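Structure first, then comments.
Quick note: the coordinates plus some simple rules give every number you see, no bench work behind them. Not measured: the values here are computed from a predicted model. Here the Cβ positions follow ideal geometry from the backbone for every residue, glycine too, while neighbour counts run over all protein chains shown.
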Amino acid sequence: MTTTQIDSTIHNQTNHNEVTFDKVLNSRRSVRKYDSSVAISEEEIREILETATKAPSSSNMQPWRFLVVTDPELKQKLLPIAFNQQQVAEASAIIIILGDLEMYSLSDKIYGASVEAGYMTEEVAANFIANSTKMYSTLPAERLKEIVVFDTGLVAMQLMLAARAKGYDTVPMGGYNRDQVKELFNISDRYLPTLMLPIGKAAAVGHPTTRLPIDNIAFFNKL
Ligand SMILES: Cc1cc2nc3c(=O)[nH]c(=O)nc-3n(C[C@H](O)[C@H](O)[C@H](O)COP(=O)(O)O)c2cc1C
C-alpha cells in the first residue's frame, strides 16, 4: 500500500467513525419510560463503564465511583427518594454516580499502573503521587468539590453516549434527595452523589427538545 493509499484509508475510517458518532449523539434523548422486563448484564454494564471512564479528569485522578443498582427491591426504595420519578423503578439499572472527595488516595494505584504500562518511570510517578496528594488533600473543600463534580459530569456524559452506542437509553437525573441515597446505602461523607442515571431499553421515545442557536451562545474573539 502506498502512503497515499494509507492516508486515504485512515481518512475514510475517520469519516465512517464520524457518521457513527454523529448518529449516537443525535439519537440520545432523555428517556423516561423503560421496558422493565429487560435486564442488562453486569458484563455489559462493565463494558459501558470501561468506555465511559476513558473520560479525562483533573490530573487523571478519576474521582468517579459508580453504584449500580439492579435489585428490584432497592429500585423501589429509590422511587420516593427520586420524588416518584417512575424511570427509577422501571429502568434495567440505576447508576448512581458518586464523586470521591478523597480520590487522591488512589493516586499510587493510578500512577503505579502508568509505570507498569511503561508510560513513566517510577521516579516520575513518585513525584506525581506526592504532588497530587499534597495538592488535592489541602484544597479548600469548595474547590475540591468543584473539581470532583466537574469530572463526574464528564464521565456521566460519556456514559450516556456509550450506553446509546449499545442501543440503551438513559436519563440524567439531579432530582433526588442525596441525603436519603446516602442513608439507604450507608454512604459516608467521603462520597458525593452527583447524578442518578437510569439505563435500559426505551418503552417510549424521549420527547424532542430544542437547543439555543449557536449565535446566542458562541462568541468569537470577544464576548
Ligand atoms: C444535571 C441534570 C439533571 C436532570 N435532572 C432530571 C430529573 O431529575 N428528571 C428528569 O426527568 N430529567 C432530568 N434531566 C434531563 C433534562 O430534562 C434533559 O436533559 C433536557 O430537557 C434535554 O433533553 P434531552 O436530554 O432529551 O436532550 C436532567 C438533566 C441534567 C443534565
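Consider a paramagnetic label point 7 Å from the Cα of Ala39 along Cα→Cβ; state which residues of the stretch 56-77 have an amide N under 19 Å from it.
In the stretch 56-77, the label zone of Ala39 (backbone N under 19 Å from the point 7 Å along Cα→Cβ) covers 68-77.
Treating the chain as a set of equal point scatterers at the Cα positions, no solvent, please give the Debye-formula log₁₀ I(q)/I(0) at q = 0.08, 0.09, 0.18 Å⁻¹.
Here the Debye-derived log intensity ratios amount to -0.38, -0.48, -1.29.
How large is the helix-only mean residue ellipticity at 222 nm for the chain, computed as the sum of -39500 (n - 2.57) over DSSP H runs with n ≥ 4, divided by its residue count, in deg cm²/dmol to the nearest 500? Mind showing how you got there, number by number?
Numbers: 9 runs with 112 residues, N = 223.
Taking each H run of at least 4 residues, the total per residue is -15500 deg cm²/dmol.
For Lys77, list the lysines whose Cα falls under 30 Å from its own Cα; do not include residues on the same chain fewer than 8 positions away.
Lys33, Lys145, Lys166, Lys182, Lys201
Just to be sure I understand the curve: with the Debye formula and one point per C-alpha of the stretch 96-182, what is log10 I(q)/I(0) at q = 0.15, 0.18, 0.20 Å⁻¹?
Relative scattering, expressed as log10 I(q)/I(0), comes to -0.77, -0.95, -1.02.
If packing is taken as the mean number of other Cβ atoms within 10 Å per residue, what is the order of 160-169, 136-145, highest first?
Details: 160-169: 19.8, 136-145: 12.4.
Sorting 160-169, 136-145 by mean packing, highest first, produces 160-169, 136-145.
Show me the helices of the chain, taken as full DSSP H stretches, that run 24 Å or more along their long axis by Cα and average -0.5 or above in Kyte-Doolittle hydropathy. Spell out each step's value before the answer.
Numbers: long enough: 3-27 (36 Å, -0.92); 141-165 (36 Å, 0.80).
Span-like helices in the chain: 141-165.
Could you order peptides 96-105, 55-64 by the average number of other Cβ atoms within 10 Å of their residues, highest first?
Working: 96-105: 20.6, 55-64: 18.7.
Going from most to least packed, we get 96-105, 55-64.
Neighbouring Cβ atoms within 10 Å as the yardstick, rank Thr170, Thr51, Thr121 fewest first.
Details: Thr170 29, Thr51 15, Thr121 11.
Exposure proxy ranking, most exposed first: Thr121, Thr51, Thr170.
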